[in-house]
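Every number here is computed from the coordinates shown, using simple stated rules; none is lab data. All values derive from a computational prediction rather than experimental measurement. FYI the Cβ positions are ideal-geometry reconstructions off the backbone, even for glycines, and counts take in every protein chain you see.
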Amino acid sequence: MDNDAMYDNPLIPSILSLLRATPDGVSEHGLIKQLQQTGLLAEKEPAGNLGLFQKHFLVMNALYQLRDRLLQEEGVVLHIDPLSIRLTSCGEEDRGDSSTPSQDEPLRRYYLEWDNLARTSEADVAALLQGFWSRFHAFDQRAEALQQLGLAPDEVPSWSTIQRNYRQLIAQHHPDKGGEPARFIRIREAYELLQRLYARA
């Protein structure tokens, strides 16, 4: 276990009680609200996003410590998702080794490292948020572009499928063939956006 994870987070007992009292799960936001009501987290945070980040970090640190402990000691799985944090039981054969790296291992390591809380500044939080919104905006644009090309926004089509749809629509809506120029331009722009996004992938 990480050295920093050896330092118990004071939120752990309360979070465990809250999770056991809500078997259907709770969102991270809901968990923070309940911790504020018990007085374990301040109702008001310092101005800006840094205070919000600090609350988030404390909760995530507690959850990752708790997840490791519960799996080892009780064979209970703690699912950590911002929209649904919940406990489920698992059989002896499912316990596995809690030290086995999982998909969220980088997140686990980050939140178990107390120095990350101390070192993170308001500027760092702003940069993290900017990165999130850039990715969100790109995803939103991608969904819109797929719709322009007649594909489902939640689909992950192959590049050849995108090209096929693009060629069909461009031929159908070309102004020289009586198509609407604005629609033709939207199709072309959607294709160019997807071309850039697929080139980065």
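Across the stretch 130-200, the fraction of Cα-Cα pairs farther apart than 15 Å, rounded to a whole number, is 53%. Estimated at 0.36 nm per residue, the fully extended path between Arg167 and Tyr198 surpasses their Cα-Cα distance by 9.4 nm. This model, with +1 at the C-beta of Lys and Arg and -1 at the C-beta of Asp and Glu, gives the stretch 130-200 a dipole about its Cα centre of some 200 debye. The listed peptides 67-74, 117-124, 56-63, ordered by packing as a protection proxy, come out as 56-63, 67-74, 117-124 (highest mean of other Cβ atoms within 10 Å first).
The label point for Gln72 and the one for Glu105, both projected 7 Å from the Cα toward the Cβ, are 1.7 nm apart. Residues whose amide H comes within less than 5 Å of that of Ser84, counting only those at least five positions distant or on another chain, are Glu28 (H built at 1.01 Å from N in the peptide plane).
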